[in-house]
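S.K.: Sharing a structure with you now.
The values are calculated or read from the model by the stated rules, or taken from the named source; none is laboratory data. Being a predicted model, the structure only gives us computed values, none of them experimental. Positions of Cβ are generated from backbone atoms using ideal geometry, with glycine treated the same way; all protein chains shown enter the neighbour counts.
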Amino acid sequence: MLFELIVLTIAIALVFDFFNGFHDSANSISTIVATRVLTPGKAVMLAAVGNFIGPLFFGTAVAATIGKGIIDTKAVQTVLPPETFVVMILSALVGAIVWDILTWYFGIPVSSSHALIGGLIGAAIVAVGPKVLLAPGISSVLLFMIVSPILGFVASFFLALVVMRLLRKSSPESVNAHFSKLQMASSFFYSLTHGANDAQKTMGIITILLVAGGILSSFDVPLWVIVLCQIAMSLGTLFGGWRIVKTMANKITALKPYQGFCAETGGGVVLASMAGLGIPVSTTHAITGSIMGVGATQGVRSVRWGVSRNIITAWLITIPISAIVAGVSYLVLHAVIA
């Protein structure tokens, strides 16, 4: 029974990774689609490759944070039998997937990462109680929920100002021609950092399951887990929906190729830094802040703040709603399976 339950939960984790790529594909291709450097189809292919190989460059520090830094898994395992522990993880995934599907349907670019963290928090509270939550890890997530879009905004804003200063004597046609080529590289770079951050979160979840089931003796992410998560996210990206791309590409601000380059580069630097430090941040937040940053160089009115305000509201409710759905899912699944 335990082995079958672990296999089922790993499959659901890979479904979450698929939806993560499906939902968050907009993060890495929205700017290159907005500037019309690539068609949506070609942009998705570029992002899928970047998402696949991204984790190879940045290690598994983020996976360790998700696996050991949000809830005290050892404390949970002393209270819950292995089967119930797996049900708790399964419930966390359900909470995240439900929120991803709902926000995808309405075209709202929210964080799959925070949905997963909210799911873990909600399922753990209902299963064991708040005592197993790790305050330092959760505080770090909440802090960087605010910090990452600000860093993306600032980095992209000043990078765009520097580019504008250096190219002030160049013709718009020449600037667009050069940055159309550069944006291919910056978009791919952002896809690498997106894959490095988001695929690792599912790796952490699967590795927790393997430790809980006695399949692994310590928290070390196996190679096959890394490969499966990369494949799942890449496939999700290939099938990524246009709904969120449309919001990110067209509704926040109008973009030129040099602005797309600056947004992707600024956001990618933020994500690469966080991946190196093992801090699970939102790729959605980073690129949204970056897009706002380059838009703000054209004046405050160049950013559609009403759309931005709606996006930020969705960010704020992601963790609570995912936690509630996960908690309810745990009650239902525990009653059915136990």
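S.K.: How many of the residues in segment 159-171 are in a helix (DSSP H, G or I) and in contact (Cβ under 8 Å) with a residue 40 or more places away in the chain?
M.R.: Final tally of qualifying residues: 5.
S.K.: Restricting to segment 267-302, what's the tally of residues that are without any contact (Cβ under 8 Å) to a residue 60 or more places away in the chain and within 14 Å of PHE157 (Cβ to Cβ)?
M.R.: Residues flagged as without any contact (Cβ under 8 Å) to a residue 60 or more places away in the chain and within 14 Å of PHE157 (Cβ to Cβ) within segment 267-302 amount to 5.
S.K.: Exactly one condition in (1) crowded, with 21+ Cβ neighbours inside 10 Å; (2) closer than 19 Å to VAL15 by Cβ; (3) at pLDDT below 65 is false for ILE252; which is it?
M.R.: Going through the list (1) crowded, with 21+ Cβ neighbours inside 10 Å; (2) closer than 19 Å to VAL15 by Cβ; (3) at pLDDT below 65, ILE252 breaks only (2).
S.K.: Taking helices (runs of 4 or more DSSP H) that do not extend beyond segment 15-93, which have at least 2 residues that are at pLDDT 85 or above?
M.R.: 73-79
S.K.: Next up: Can ALA92 be described as touching a residue at least 60 places away in the same chain (Cβ under 8 Å) and surrounded by fewer than 24 Cβ atoms within 10 Å (Cβ to Cβ)?
M.R.: The answer is no for ALA92.
S.K.: Identify, please: which residue in segment 151-203 is of a type in the set (Phe, Trp, Tyr) and closer than 30 Å to LEU228 by Cα and is, among those, surrounded by the most Cβ atoms within 10 Å (Cβ to Cβ)?
M.R.: Among those residues, the one meeting the criterion is TYR190.
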